[in-house]
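Before any comments, here is the structure.
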Amino acid sequence: MSSSKFSLSADDLVISEVLEGTQQIQVPDYQREYSWGKDQWSELWDDVYALTRERNNHFLGSIVVIEQQESGMKTLELVDGQQRLTTISIFLCAIRDQFKGDEEFDHLAELIDGNFLKIQSPTTGDWHQKLRLNKFHNDNFERILNGSLDLVSDSQLKDAYEYYTAKLDGFAGDQVQKLYDNLINSMYIVQIECGSEVSAFRLFESLNDKGLDLGAVDLVKNRLFMEANENSSIDERRVNDLWEEIMTVIRPEMTQYYRFFSHYFMSIPSPSVKDNVSKNKLYNHVDELLGGGLAEVGLTVEEILEDMLEKSRVYVDIMNCEVSQNFQSSRLQDLNSKLGSIQIKNNRIRTLLLKIVVEYESADDVLESLHILEVLNTRDKLAGRDSNTSRDRFWSRLCAQMDQTNDPNEYLRRVAENRVPNDTILKEHIIGRDFKNNDFTKYILDRIEEEHYMKSGGREKSVGDRSSVDIEHIAPQRAWTADKYSEWKQYLNCSKEEFEEYKQRIGNLTLLQNSLNQTASDNPFVQKCEIYRNGTDFLMTQAIPDEYDEWRLEQIHDRTEEIADIICEVWSMENV
């Protein structure tokens, strides 16, 4: 990209002012295809139609353009807003075709063509499209502009035209004229004109910094397609196809697409990253790669995208705990179960998980690394360590350092032993913290049941489907706020403030099946003990009536300390 100065201007224009004049508006080839559907078409229709009844004008949003000079004709490159302008142009085509053949309004059809859909070159006299889509989709658009709908293949463009034609069907000529006037004279757009691509992308970055998210992944895609369009050594069609394949893989599985791209770049050995590639840094990182970073390590754009596509499939398998790779089938159930545990309330660790699953050859080695990471991750979370940004940075640096060692698991072990909080610090945090009713707390209780109570009780079985199990508060959370718990309020013999401090301590929590939880929560402690003793398979829960004759703050504190000791044993580096 060029290094021209950052410059822009902005004008508040009605649609007629945007489409009039001799400058052609061109959608660059790197832009995505036309993708608006019925929801967006109907919203535009409703906005235009409402002007006939409710208000005088309506703001449609903004477009971003860059002035260019091409074949002796000044053009505006449309870098943002093509969906909106394309839909407006198709709407105008439907209005034009409604006017045709009506003597009273036929002149308006010619006016729409000559003023808003087509422009005439002042030097050659040739007619051109006012709005020109990218080379992959312009043919169908041009046929609609020329009124040759029978030649248009099935597409969103054709569907949009047919939508507006159907909406106009049955309208009298003067009603259509009113809609036409509203569309071109009462619908406003802010047209932002930038001096260069650099200015446009800096504008996007600035808007993102201010919280007006234009989409980090869209910016990356636009930058990538621009590079492919301007560099003859790059197979533009291949780049387009690879990108769409990647998005096809990740789009159904996640809403924050940038996470995959960030985790991918931080996980690969080359080109390496110096720091975390956060959402805000993603575009800059790709820009640096396209500006020379890929060439420095001997990679082409097509090669990095092919690798990205392969890793996107693995990434989705990690998310869904359905990894297979070439690992021995007998170990896959344990491997995927452990992947599920590690990712609870921590999707940022996928940076390292992607690297491990891709680069390790043995399922046993993967499982060993996952055991180490489980201890590291759980102890860190229980101790309340680190912000999201620092965790991203930690996993990124860990990936980079693993590339420098011959024994990655031994390196992970050393890092974990040096980083994890010791038992004394961990116990202090466990005793003093609240445990919310979420999957992480359920995971902690699950593992305590499996690794401590089941093993000590001589029973080795899985807790089962976590979704069918509830966290039971032995002393009800709402003892002071719900009338049905009035007996508990008296039984606890403490102040509301004191109970608030203890009610979400882990010592007040256990596991129950869903249906039993609903029964037990309304009963005082003695009645609950009958259910705990006879109505559940959870040994942790069965142990409560055996170990406690009453349940007040002192018992919550004692059991919290007991569970803190168990946690230190279960999540110990000595076990991995």
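Please report, in debye to the nearest 20, how large the charge dipole of the chain is about its Cα centre when each Lys and Arg carries +1 at its beta carbon and each Asp and Glu carries -1 there.
On the way: 64 positive and 103 negative charges, 211 e Å.
Roughly 1020 debye, rounded to the nearest 20.
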Segment SER362-THR481, length gained on full extension (0.36 nm per residue, minus Cα span)
37.4 nm
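Add -39500 (n - 2.57) for each DSSP H run of 4 or more in the chain, then divide by its residues: what number comes out at 222 nm, to the nearest 500 deg cm²/dmol?
Details: 26 runs with 305 residues, N = 576.
So the helix-based figure for the chain works out to -16500 deg cm²/dmol.
Please report the orientation-averaged projected area of the chain, defined via the convex hull of its C-alpha atoms, in nm². If you can, show how the numbers build up before the last one.
Working: hull surface 139.6 nm².
Value for the chain: 34.9 nm².
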Mind checking which of TRP127, ASN493, ASN229 is farthest towards the positive end of the chain's charge dipole, using Cβ charges of +1 (Lys, Arg) and -1 (Asp, Glu) about the Cα centre?
ASN493
Under 5 Å between amide hydrogens, which residues at least 5 positions from GLN68 or on another chain qualify, with H placed 1.01 Å from N in the peptide plane?
THR75, LEU76, GLU77
Highest-first arrangement of 364-376, 313-325, where packing means the average Cβ count within 10 Å
364-376, 313-325
Please go through segment 90-173 and write out the trypsin sites (Lys or Arg not before Pro) that DSSP classes as loop and that have at most 12 other C-beta atoms within 10 Å.
LYS135
Kirkwood-based Rg/Rh on the Cα set of segment 432-575 evaluates to 0.95
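How would you rank 528-539, 404-415, highest first, on the average number of other Cβ atoms within 10 Å across their residues?
Taking the mean over residues of other Cβ atoms within 10 Å, the ranking is 528-539, 404-415.
Tell me, what is the percent relative contact order of segment 8-208, built from C-alpha pairs under 8 Å that lie six or more residues apart?
Numbers: 303 pairs, mean separation 81.9, N = 201.
Over segment 8-208, the number comes to 41 percent.
Using Cα pairs closer than 8 Å and at least 6 residues apart in sequence, work out the relative contact order for segment 432-575, in percent.
Values: 159 pairs, mean separation 41.8, N = 144.
29 percent.
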Would you mind computing, in nm to one decimal, how far apart the modelled labels at GLU547 and ASP241 are, each placed 7 Å from Cα along Cα→Cβ?
6.2
quick note, the chain, DSSP beta bridge pairs, % antiparallel (nearest 5) is 65
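Relative contact order of the chain, please, whole-number percent, based on alpha carbon pairs below 8 angstrom and at least 6 residues apart.
Working: 759 pairs, mean separation 71.9, N = 576.
In percent, rounded to a whole number, it is 12.
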Calculate one ³J(HN,Hα) per residue across segment 360-375 by plugging θ = phi - 60° into the Karplus curve 6.51 cos²θ - 1.76 cosθ + 1.60, and present them in order as whole Hz with x for glycine and proline.
7, 9, 10, 5, 5, 5, 4, 4, 4, 5, 5, 4, 4, 5, 4, 5
Per the Debye formula with a single identical scatterer at each Cα and no solvent contribution, what log10 I(q)/I(0) holds for segment 217-428 at q = 0.07, 0.08, 0.13 Å⁻¹?
-0.23, -0.29, -0.76
So for R0 = 35 Å, FRET eff. of ASP275-GLU67 from the Cβ-Cβ r, to 0.05, ends up at 0.45
Relative compactness, segment 73-201, computed as alpha-carbon Rg over 2.2 N^0.38 Å:
1.12
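I need the semi-axes of the equivalent ellipsoid of segment 247-342: take the C-alpha gyration tensor, multiply each eigenvalue by 5, square-root it, list largest first in whole angstrom. Show your work: numbers first, answer last.
On the way: eigenvalues 150, 45, 31 Å².
Equivalent ellipsoid of segment 247-342: 27, 15, 12 Å, largest first.
FYI, it's all coordinate maths here, none of it is from the lab. The structure displayed is predicted, hence computed values, not measured ones. Neighbour counts run over all protein chains shown; Cβ positions are idealised from the backbone, glycine included.
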